[in-house]
């Protein structure tokens, strides 16, 4: 099943945009496109004499757009090969040639001319390696990337991939699934940026890390400010324009150190939980109560699986949700390419960012029974949550930290969500402590759905199959409905299969819209004046057997009427008194 963007894909120009908008250098070469590939036994440590054929990077071999259409087994290894020449004018005495891989699922080894340069673990996070010392001048250099993926047969992070897909679990994917590129950078260079808006004091705090204890200048709003490696610099932002979904103001900033120049951006905004005038805990944006009306976003594509077929495809999802009046997307159990967050930053879309779950095979009593019985279980019971393996827990902690470091500078991210519905959950309150040690600028949903351990900033509920009735949290946290809805409408010719999965089936688009209008009026809009602070409808698009999207899996048919959905969200975002009156009027008219 192809999307319009997949159907128009040019293998010679796949995702050609620079992948890191907040850390951009001018000298780069995108390596997406045709590579050689081979699949061997996992025990094979040298590449085969003959490769199997061509693969379109960065689409995983399981995807249609890769041109392969084969599932990598846990007992196999996937080899990628292409040849590189040093760029014209490259000076190895003054420069380094860096290889960047946006993500490769799950374990990757990078070799150049037979020399192993890097081993990376973690299928959702980027990695980089310096190629300079192994590069041979004036000849083609053999680049090999060897990948292995245990999917759900190990204890590692896997998201919603399953070796037995169906319902809410999806086709597994492996290998490289985000952009690969080369970058020329000076030997002495900037390595990292940390941009922290200090909203209440009208300042931006910037920490620049270099690889040489260097110093340089920050160019912001026409003014140069000096910096030293690792030393926080605070720059006044008097009269700044606050960032919000309604006014997504971004500030460009340039960092220069000797021969290195990095372009970036930031925004001035503040996320917090505080009490409103009535003493109700609310989510605040820029020191004002702000209701988050959002959708669950799995980030799957029928032709590219984890990989959107183009930049335009990512933009389509975000702008469609904005056109329906939503101001938030909950990125569900996946880390997107950095360009996706950039589009949320510039278009104005809040993001709740889930960490990627893992562990052993999940027990039904841990992840499914609470949906019906509402029970919570202490997450120090590692066996109950399939988290017995120490190495899996250590990897989860490490990847959570790396996720926050990777996305820290993105203005759009409002909430961190370390665990969802008990999937590999453990020590959630310790995860809150770890997040706060790295980031005090966002709110935290420590256990989305159930298995609440009493921590974080919000009481987070998933409600399907039964009516939602608001109750305040006894611990004084803000209350959010972090998943609900999921009403299904199957559209022949635009669905993954004849199977249909959702939480309520609707035969026609009009029936679907009427059911959603009633659901919002009775359970969400009515709960807002009582204290509900956010709602997350399931979900943005159909995904495989799930037919509960606002748009079909191929993004061809928009199943929700945009104007009517926009009207629902307008009621949610109006003041409490008006929302209460409208909710009561709606309930009265329905009862008549």
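Data overview
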read-out: Hey, residue 125 touching a helix residue (DSSP H, G or I) at 6+ places or on another chain (Cβ under 7 Å), in a strand (DSSP E or B) and either more than 19 Å from residue 78 (Cα to Cα) or assigned by TED's automatic domain parsing to the domain that holds residue 80 (or both) or not; value: no
read-out: Only listed residue being out of contact with any strand residue (DSSP E or B) (no Cβ under 9 Å at 6 or more places or on another chain) and either surrounded by fewer than 24 Cβ atoms within 10 Å (Cβ to Cβ) or outside the structural domain of residue 156 (by TED's automatic domain parsing) (or both), chosen from 462, 451; value: 451
read-out: Cβ pairs under 6 Å, 6+ apart, first in segment 547-568 and in a helix (DSSP H, G or I), second at pLDDT 95 or above and surrounded by fewer than 16 Cβ atoms within 10 Å (Cβ to Cβ); value: 562/323
read-out: Leading residue by the ranking (nearest to residue 457 (Cα to Cα)) among those in segment 513-546 that are touching a strand residue (DSSP E or B) at 6+ places or on another chain (Cβ under 8 Å) and without any contact (Cβ under 8 Å) to a residue 40 or more places away in the chain; value: 519
read-out: Complete set of residues in segment 364-414 that are closer than 24 Å to residue 331 by Cβ, at pLDDT below 95 and outside any helix (DSSP H, G or I); value: 368
read-out: Given (1) out of contact with any helix residue (DSSP H, G or I) (no Cβ under 7 Å at 6 or more places or on another chain); (2) buried (at least 16 other Cβ atoms within 10 Å of the Cβ); (3) under 30 Å from residue 554 (Cβ atoms), index of the condition residue 535 fails; value: (1)
read-out: Per-region count, segment 194-211, residues surrounded by fewer than 19 Cβ atoms within 10 Å (Cβ to Cβ) and in a strand (DSSP E or B); value: 7
read-out: Options 110, 101, 130; residue that is under 19 Å from residue 183 (Cα atoms), surrounded by fewer than 17 Cβ atoms within 10 Å (Cβ to Cβ), within 32 Å of the chain's Cα centre (by Cα) and assigned by TED's automatic domain parsing to the domain that holds residue 24; value: 130
read-out: Residue in segment 471-486 that is touching a helix residue (DSSP H, G or I) at 6+ places or on another chain (Cβ under 8 Å), under 30 Å from residue 401 (Cα atoms), buried (at least 16 other Cβ atoms within 10 Å of the Cβ) and without any contact (Cβ under 8 Å) to a residue 60 or more places away in the chain present; value: yes
read-out: Only one of 480, 432 that is touching a strand residue (DSSP E or B) at 6+ places or on another chain (Cβ under 6 Å), in a helix (DSSP H, G or I) and more than 24 Å from residue 337 (Cα to Cα); value: 432
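The values are calculated or read from the model by the stated rules, or taken from the named source; none is laboratory data. Please read all numbers here as calculations on a predicted model, not as lab measurements. Positions of Cβ are generated from backbone atoms using ideal geometry, with glycine treated the same way; all protein chains shown enter the neighbour counts.
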